[in-house]
1. Counting only residues that are of a type in the set (Ser, Thr, Tyr) and open to solvent by less than 30 Å² (accessible area, probe 1.4 Å), how many does the range 158-188 have?
2. Can you give me the number of residues within the range 107-157 that are of a type in the set (Ser, Thr, Tyr), open to solvent by 30 Å² or more (accessible area, probe 1.4 Å) and more than 21 Å from LEU177 (Cβ to Cβ)?
3. Please enumerate the residues belonging to the range 159-212 that are under 22 Å from TYR123 (Cβ atoms) and touching a Pro at 6+ places or on another chain (Cβ under 6 Å).
Amino acid sequence: LAASALGIGIGVVPVARARYHLDLAQQAAAVPLTGPINKHAAFRSYDAASASDPFDPTSEIARTQLLVGLTGTSPEQRALLQRRAVEALTTAMKRDPFNIQLPRMRSRLYLDLAESTRTEDHYRAAVDDARRALELYPLNPAGIVALADVQAAAGEALGSEKLMREALANYGEAIRLDDRRLPWETFHRLGTKTKDEIRAKIRRAEERLWQA
């Protein structure tokens, strides 16, 4: 019984310590960033929270959200903050590898970073993460659309016919897959408005290919 209580105590203390530092970080997050990132009190508290419970992704996800919220500064600092956000979310993904939202989120971060740096590797990384998210739920039309959106953005930016054609194929596949859902699966189905938006994206991608 004593050993069992000790085991519970060992597990609870890091969690409580991490919660304490996370609360401090969220309070400090309201203070504007005026100097180097590592001097901001919120990030020091996120560091402490993350170190206190190295298996919990919560502090790194919260750190990511703060970094994303700070990206409306100079172009140079915006790219730096975006890189830090990618790093934080990468740590979160290692701690929670089956959370489908995390690769989706990092895909969007990489796409934002690519638009800041115009770097091909970042566009490719955005596409890879969108694929990774889809692998966790391969029959999800919304996930297929998310992948197609990233492929279309990357294809347009990089002048890649291959990516544009992959985007077109995935937009079409998302609609076909949704149409094959059983009638009672209304909760997961794409709405009429969403399908109209997808068809508009298909037309835009086709126009881009014709103009190439």
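The values are calculated or read from the model by the stated rules, or taken from the named source; none is laboratory data. Values in this document were obtained by computation on a predicted structure and should not be read as measured data. Reconstructed Cβ throughout: ideal geometry from the backbone, glycine too, with neighbour counts over all protein chains shown. Just so you know, the surface numbers come from the protein's heavy atoms only, side chains and all, with ligands and any DNA or RNA stripped out. Shrake-Rupley method; radii C 1.70, N 1.55, O 1.52, S 1.80 Å.
1. Number of matching residues: 2.
2. 4
3. ALA174
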